[in-house]
Amino acid sequence: MSGAAGFVVAFLMLSGGIVSIATRNSKGKGAAISLIVIFGVAALMGFLCHGKFSDLAIWSGWCLINAIFAVMDLSGNKKRIQKESAEKNTTNE
């Protein structure tokens with residue numbers, strides 16, 4: 001079971017990397033939310049199913065770190081959007 005979990009974690013890490021590269025300049029919340037879900041599922045699956053493969057726990061830790069960075073990006077992105085909308089409203093007046 002831990003071998004199959006390793007393949008799933010590897011696939012999710014690869015897809016999370018592709019999503020993060022493809023959406024690096026996006027201004028919406030969708031990219032960060034999808035990264036939180038992808039890396040969060042990978043971390044959860046890796047931690048729960050690592051079994052005899054102890055290195056899977058290390059990769060799961062890396063996925064957890066990436067999910068935390070996505071949460072930080074989501075909160076920073078929200079502040080940036082509010083700031084840009086406030087600046088746009090002041091220039092229109």
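When region 50-66 is limited to residues that are in a helix (DSSP H, G or I) and free of Cβ contacts under 8 Å to residues at least 24 places away in the same chain, the one that is farthest from F7 (Cα to Cα) turns out to be I65. Here the condition is being modelled with pLDDT of 95 or more and out of contact with any strand residue (DSSP E or B) (no Cβ under 9 Å at 6 or more places or on another chain); of V37, V71, V19, V8, it holds for V37 alone.
For region 10-26, state whether one or more residues are open to solvent by 80 Å² or more (accessible area, probe 1.4 Å) and of a type in the set (F, W, Y). Within region 10-26, one or more residues are open to solvent by 80 Å² or more (accessible area, probe 1.4 Å) and of a type in the set (F, W, Y). Within region 1-27, how many residues are without any contact (Cβ under 8 Å) to a residue 40 or more places away in the chain and within 21 Å of Q82 (Cα to Cα)? Counting residues in region 1-27 that are without any contact (Cβ under 8 Å) to a residue 40 or more places away in the chain and within 21 Å of Q82 (Cα to Cα) gives 4. Condition (residue is at positive phi and more than 16 Å from the chain's Cα centre (by Cα)) applied to region 45-56: is it met by at least one residue? Yes, some residue in region 45-56 is at positive phi and more than 16 Å from the chain's Cα centre (by Cα).
The values are calculated or read from the model by the stated rules, or taken from the named source; none is laboratory data. This is a predicted model, so every value here is computed, not measured. Every residue, glycine as well, gets a Cβ built from its backbone with ideal geometry; the counts of neighbours run over all protein chains shown. Keep in mind that these areas ignore ligands, DNA and RNA; they rest on the heavy atoms of the full protein, side chains included. Shrake-Rupley method; radii C 1.70, N 1.55, O 1.52, S 1.80 Å.
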